[in-house]
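Written below as structure tokens is the structure these notes are about.
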Amino acid sequence: MSRITETSDQWWKTAVIYCLDIETFFDSDGDGVGDVAGVVERIDYLAELGVTCLWLMPFYPTPDRDDGYDVTDFYGVDARLGTHGDVVELIRTAKDRGMRVIADLLINHTSDQHPWFKAARRSTDNPFRNHYVWRADTPPDTSDMAVFPDQEEGIWTFDEKTEEWYLHHFYSHQPDLNVANPKVRDEIMKTIGFWLEVGVDGFRVDAVPFFLEDVGMTGEDADAMAEPHEHLRNIRAFLSRRRGDAVLLGEVNVPHEEQVKYFGDGHQLHMMFDFITMQKMYLALARGDARPLAEALLARPEIPEDCQWATFVRNHDELTLDKLTEEERAEVFAAFGPEERMQIYGRGLKRRVPPMVDGDPRRVRLVYSLLFALPGTPSLFYGEEIGMGEDLEAEGRMAVRTPMQWSPEKNGGFSTAPPSRLFARPVPGGYGPEFVNASDQMRDPDSLWNFVRRLIQIYRSHPELGRGSLTVLEQPHPEVLAHQVSWEGRVVVAVHNLGGEARTVSLRPDVPTGSVLESLLVQEEYEVGDGALELTLDGYGYRWFHVHHPGRRRLP
Ligand code: NOJ
């Protein structure tokens, strides 16, 4: 079997993921809220951009106190967004355009409005009581464990009715499920089975470390959680039995060494976001010194052959910097979000990339060039491809969850509803739809949209970027990252200058003498001889090369 055929079995290793919230993407019926039918209407936009995998943020019934991450029915569809029929049409239409679809899987908690929790809090002997985690004694101070410290004082909340405390790692309106309970486990499997049957190709698994954490369970629950990763292994085994090519992409923001446990010899999560490299990239950008980024990449632990890192520079949450030291975080804050209103939870930023770099197109493009050049599977958050900004006046993380900006028209072309009926206003000011929108950029060959589209094309035609191994190439400048990614004789070499001054870089790619380095973004080529190659990069400049080996018949 040719190794290139593996790119279809392990499609997720060379996918381009695009995360969108149905609510914010496109409103097809003019009620002010985006809907599933709206995503269908915009499917060709995504196909044209080159997206190969849609990640749908939660679209389940919800009181919407955590933007849909608080679910009242795992099997349902939020009526504001559409119906099961609409979801099936979306998946089918996406498939026709060569796109897979993954959905958020929320198995750490439910909403407190979920019928299970409503029943559970009726009495301590209610049959649903054990669907959640309770304690009778007063908990210790857990304020340092609250994920949203601006809203919660700890991870246990007292229930007045039954006079016990229930566990919630996130908001107190999101009680944690007791995953030690076999009935809860069965329900999780059924949920996975249900959505696979509807047609999804896998899941982005929310909050993984939280539901495997030891919270001091007792009795049978403690026995069931004695080996917590068994739960994840069971989920994976079930998923793979039902659909061999389905994927689990986990949200696991822990140090690299600990992440390895969640890959579990290739029998747990297929993929995890690389939060560490993302954070170190911002440190590197803030310093204009590529070394923290190179160090993070080189410190990525070995992972099993059937596993993969997902790379990203922005997601739907705060841009978290929690894994940096306090001093490092202060450097990133000073460079990219110096005002308090730009920061959140003491650990992150409420901002999107372009305003962080003062709209400097060189730096915006540098960031996206890195995203696609670093080894892994790149994941975009809607609106990044056109350089949307944030609404700092919006509450918390909603700052980056504003309506997609389609055109310079009313409501940015997102909705025909009166502006007062929109679920959220479009970004105001210089990053608003009048200046930043998809339709203008699609027509402009020099736009960010066309740049990202080109990067996606290059990424897709160079599977080594998803599957290959990394070499950081020696060169003299700390501002510069020069790296090569190689797989099965295929090689991409990329050079990025994180500093504002031009640099001449001399480097020796690890390729046979006589190979030709052909530039992928501009017209130039270099033949590799005995000496080092000399390249001059502008400030914040970047170059990508595709390597032709002598005698190989490769297309550019
Ligand atoms: C992680 C999600 O990314 C975030 O948006 C959410 O608030 C928490 N999990 C709780 O579900």
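Scanning the stretch 164-188 for residues that are open to solvent by 30 Å² or more (accessible area, probe 1.4 Å) and part of a helix (DSSP H, G or I), we see that the one that is farthest from the ligand (Cβ to nearest atom) is Pro182. Within the stretch 453-495, the set of residues being among the hydroxyl-bearing types (Ser, Thr, Tyr) and surrounded by fewer than 18 Cβ atoms within 10 Å (Cβ to Cβ) comprises Ser461, Ser469, Thr471. Across the stretch 374-410, the number of residues qualifying as among the charged types (D, E, K, R), within 16 Å of the ligand (Cβ to nearest atom) and over 17 Å from the mean Cα position of the chain (by Cα) comes to 2. Test Glu518 against the criterion of being in a strand (DSSP E or B), charged (D, E, K, R) and either over 13 Å from Ala532 (Cβ atoms) or open to solvent by 20 Å² or more (accessible area, probe 1.4 Å) (or both), and give yes or no. Yes, satisfied. Here Val198 meets the list (1) more than 28 Å from Arg92 (Cα to Cα); (2) more than 15 Å from the ligand (Cβ to nearest atom); (3) among the β-branched types (Val, Ile, Thr) almost entirely, failing just condition (1).
Against the definition (open to solvent by less than 20 Å² (accessible area, probe 1.4 Å) and at negative phi), how does Glu393 come out, yes or no? The answer is no for Glu393. If you check Val493, Val547 for being within 33 Å of the chain's Cα centre (by Cα) and closer than 26 Å to Leu285 by Cβ, only one passes: Val493.
Residue by residue, here is whether (1) over 24 Å from Val247 (Cα atoms); (2) without any contact (Cβ under 8 Å) to a residue 24 or more places away in the chain; (3) among the aromatic types (Phe, Trp, Tyr) holds:
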| position | (1), (2), (3) |
| --- | --- |
| Thr7 | no, no, no |
| Tyr18 | no, no, yes |
| Val33 | yes, no, no |
| Glu41 | yes, yes, no |
| Pro63 | yes, no, no |
| Asp73 | no, no, no |
| His84 | no, no, no |
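Just so you know, in the stretch 201-224 the residues that are outside any helix (DSSP H, G or I) and more than 16 Å from the ligand (Cβ to nearest atom) include one that is farthest from the chain's Cα centre (by Cα), and it is Thr218.
If you go through the stretch 521-556 and keep only what is part of a loop (DSSP other than H, G, I, E, B), of a type outside the set (Ser, Thr, Tyr) and within 25 Å of Arg363 (Cα to Cα), you end up with Leu521, Val522, Gln523, Glu524, Asp538, Gly539, Gly541. Yes or no: Arg92 buried (at least 16 other Cβ atoms within 10 Å of the Cβ), charged (D, E, K, R), closer than 22 Å to Cys19 by Cβ and away from the ligand (no atom under 16 Å from the Cβ)? Here the answer is no, as Arg92 does not meet what is asked. Total residues in the stretch 49-65 satisfying the condition of being part of a loop (DSSP other than H, G, I, E, B), under 21 Å from the mean Cα position of the chain (by Cα) and surrounded by 21 or more Cβ atoms within 10 Å (Cβ to Cβ): the figure is 6.
The values are calculated or read from the model by the stated rules, or taken from the named source; none is laboratory data. Keep in mind that this is a model prediction, so the values were computed, not measured. Here the Cβ is made from the backbone with ideal geometry for all residues, glycine too, and neighbour counts use every protein chain on show. What goes into the accessible areas is simple: the full protein's heavy atoms, side chains included, and nothing from ligands, DNA or RNA. Shrake-Rupley method; radii C 1.70, N 1.55, O 1.52, S 1.80 Å.
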